[in-house]
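Shown next, in structure tokens, is the structure this report addresses.
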Amino acid sequence: MNGGQLEQRLLVLVTLALVAFGLVMVYSATSAAAALGESDPMTYLKRQSIYALLGVALMIGAYRFDNRRLQKLAPPLVVASLALCVALLVVAPEVNGARRWFFLGPASFQPSELAKFSLLIAAAAYIARKGAPRTLGELWRPLGLITTVFAGLFLLQPDLGTTITLLLMLAGMLVVAGVPGRTLAAAGILAVSAALAAIWVEPYRRERVFSFLDPWADPTHTGFQTVQAIIGMGSGGLTGEGLGQGVQKINYLPEAHTDMILAIIGEELGLIGTTAVIAAFAAFAFAGFTVALRARDPFAKLLAAGITSLVCGQAAVNLSAVLGIAPLTGIPLPFVSYGGSSLIVLLACVGILLNIAVDERAPQKAVRRPPLSHRRRRNGRARPAVARGRGGAARAGRAGDLRRVAGSRRS
């Protein structure tokens with residue numbers, strides 16, 4: 001098995017394993033509370049299963065789709081994403097103090113997931129065509145400007161977590177593209193400054209930061225979710241309480257099936273289960289970045305780096321929040337947490353990554369010199385082949401001049 005086949009199979013195995021594991025954990029996190037509330041314990045499992053099937057179908061379709069053709073889709077995708085994000089702030093209903101979803105019956109759609117995908121393709125296409133930005137000014141026009149517009153719309157929803165993952169995705173692409181470290185550092189300072197300003201101007205974000213610093217100062221209000229997550233992770237021990245045996249999910253831990261599902265994993269499967277999840281994302285990062293570094297086409301290389309950064313960056317943000325080493329952001333755990341938009345878009349991205357891996361394995365076509373009989377003839381003589389390079393062209397020109405001089409002397 002060559003390197004390309006190893007990364008491709010590793011990506012498929014890790015992705016499908018996480019999706020299947022996520023279905024089990026979503027059922028575990030929701031069935032008990034639903035049964036106590038006298039509703040259908042299978043509700044969330046059925047919905048997530050439908051999302052997973054649709055996502056796997058899109059992954060297969062993206063795997064068979066030539067990734068280079070995505071460059072033409074970048075402008076309409078960006079325009080459509082901007083329009084949806086603006087419409088979201090105007091017509092979408094408010095849920096838990098935020099406007100992030102469009103609802104159609106039992107189904108929901110989060111435009112920010114499409115926006116991340118759109119910016120991913122647009123950034124890869126632009127850098128592949130223009131080259132890596134060397135200065136902060138080159139980075140600002142137009143990538144920085146478009147990213148700022150999307151980030152501003154996300155913050156208005158409000159959704160700081162998606163803004164952070166968007167910046168992590170773009171940072172991964174810029175590093176692989178070869179942007180100078182000084183430019184990356186300057187851009188990072190500006191991004192961190194903007195994030196701190198966004199946190200300071202919004203009271204609920206300030207509360208989250210202060211509760212992160214000392215969640216036990218107010219364990220029943222601002223620090224409640226963090227404290228319950230810590231209790232769940234700590235009570236699991238090495239092997240956990242057993243699958244389905246956790247109690248934090250029963251009206252103790254808010255959003256147990258979405259961004260806090262790792263706490264349920266820690267409680268029911270212990271340190272072993274948590275370590276296995278982290279190892280799975282580490283394997284995904286290894287395979288994804290290996291595909292990116294081996295890709296010959298610049299657009300494919302940047303696309304693979306962006307997809308890997310998006311998946312693993314989002315996982316890192318979620319893991320850090322649940323483990324108590326970063327403030328809560330409301331970001332779901334990729335492939336595992338409940339949520340249709342995130343699962344479908346990320347599975348489609350994995351399909352694109354697999355297509356890039358196949359292209360990387362395909363051998364390059366050798367450039368063969370045509371035979372003498374197929375070359376153009378002039379005045380009954382074979383036209384001399386021009387050697388590659390300036391020196392070869394000059395030698396061929398001098399040889400032709402000598403033949404013409406010799407012919408004129410004979411005449």
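Computed from the coordinates by the stated procedures, all read-outs in this text should not be read as laboratory data. Fair warning: this is a prediction, and the values are worked out from it, not measured in the lab. Backbone-built Cβ (ideal geometry, glycine too); neighbour counts: all protein chains shown.
Distance from the alpha carbon centroid of segment 331-350 to that of segment 282-316 works out to 16 angstrom.
For segment 121-130, putting each phi into the Karplus relation 6.51 cos²θ - 1.76 cosθ + 1.60 with θ = phi - 60° gives couplings of 5, 5, 5, 5, 5, 5, 5, 5, 7, 9 Hz, in residue order, rounded to whole numbers and with x for Gly and Pro. Here the contact order of segment 156-308, divided by its residue count and restricted to Cα pairs under 8 Å and six or more residues apart, works out to 21 percent. Each of Ala195, Phe65, Gly351 was placed along the dipole of segment 3-361 (beta-carbon charges, centred on the mean Cα), and the one lying farthest toward the positive end is Phe65. Sorted fewest first by neighbouring Cβ atoms within 10 angstrom, Lys116, Lys46 come out as Lys46, Lys116. Among Gly55, Gly178, Gly97, the largest mean-square fluctuation in a Gaussian network model of the chain (Cα springs under 10 Å) belongs to Gly97. Compared with the dominant principal axis of the Cα atoms in the chain, helix 224-236 is inclined by about 90°.
Does segment 38-108 come out rounded, prolate or oblate, given a ≥ b ≥ c as the square roots of the eigenvalues of its C-alpha gyration tensor, rounded meaning a/c under 1.5 and, failing that, prolate meaning a/b above b/c? It comes out oblate by the Cα gyration axes.
For segment 197-292, what class follows from the C-alpha gyration tensor (a ≥ b ≥ c being the square roots of its eigenvalues): rounded when a/c is under 1.5, otherwise prolate if a/b is larger than b/c, else oblate? Oblate, because a/c is 1.5 or more while a/b does not exceed b/c. Between 0 and 90 degrees, the angle of helix 145-156 with respect to the longest Cα principal axis of the chain falls at about 10 degrees.
Residue exposure proxy: Phe150, Phe109, Phe103, ordered by other Cβ atoms within 10 angstrom of their Cβ from fewest to most, comes out as Phe103, Phe109, Phe150.
Working ranking of peptides 17-23, 283-289, 179-185 by packing, defined as the average number of other Cβ atoms within 10 Å per residue, highest first, is 283-289, 17-23, 179-185. Counted by neighbouring Cβ atoms within 10 Å, the residues Trp101, Trp140, Trp200 run from fewest to most as Trp200, Trp140, Trp101. Sorted on the mean count of surrounding Cβ atoms within 10 Å across their residues, most packed first, peptides 348-358, 152-162 read 348-358, 152-162.
Measuring nothing but how far apart in sequence close Cα pairs (under 8 Å, 6+ apart) lie, relative to its length, segment 14-163 scores a relative contact order of 18 percent. Each other residue within a Cβ distance under 9 Å of Thr329 adds +1 if Lys or Arg and -1 if Asp or Glu, for a net charge of -1. For Gly223, the amide hydrogen comes within under 5 Å of the amide hydrogens of Asp218, counting only partners 5 or more places away or on other chains and with H modelled in the peptide plane.
For segment 55-69, the Karplus equation 6.51 cos²θ - 1.76 cosθ + 1.60, evaluated at θ = phi - 60°, returns couplings of x, 5, 4, 5, 5, 5, x, 5, 4, 8, 9, 5, 5, 5, 6 Hz by residue, with Gly and Pro reported as x. Principal-axis analysis of the Cα atoms of the chain puts helix 203-213 at an angle of about 80° to the longest axis.
Taking the chain as a Gaussian network of alpha-carbon nodes connected by springs under 10 Å, the highest mean-square fluctuation of the residues Glu268, Glu241, Glu202 belongs to Glu202.
Of the residues Ala74, Ala194, Ala29, the one that moves most in a GNM of the chain with alpha-carbon contacts below 10 Å is Ala194. Going through [x] 23.7; [y] 27.0; [z] 21.4, the figure that equals mean projected area of the Cα convex hull in nm² as computed for the structure here is [y]. Here the contact order of the chain, divided by its residue count and restricted to Cα pairs under 8 Å and six or more residues apart, works out to 26 percent. Across segment 268-284, rounded Karplus estimates of 3J(HN,Hα) from the backbone phi angles (6.51 cos²θ - 1.76 cosθ + 1.60, θ = phi - 60°) give 8, 10, x, 4, 5, x, 5, 5, 5, 5, 4, 5, 5, 6, 5, 5, 4 Hz, Gly and Pro being marked x.
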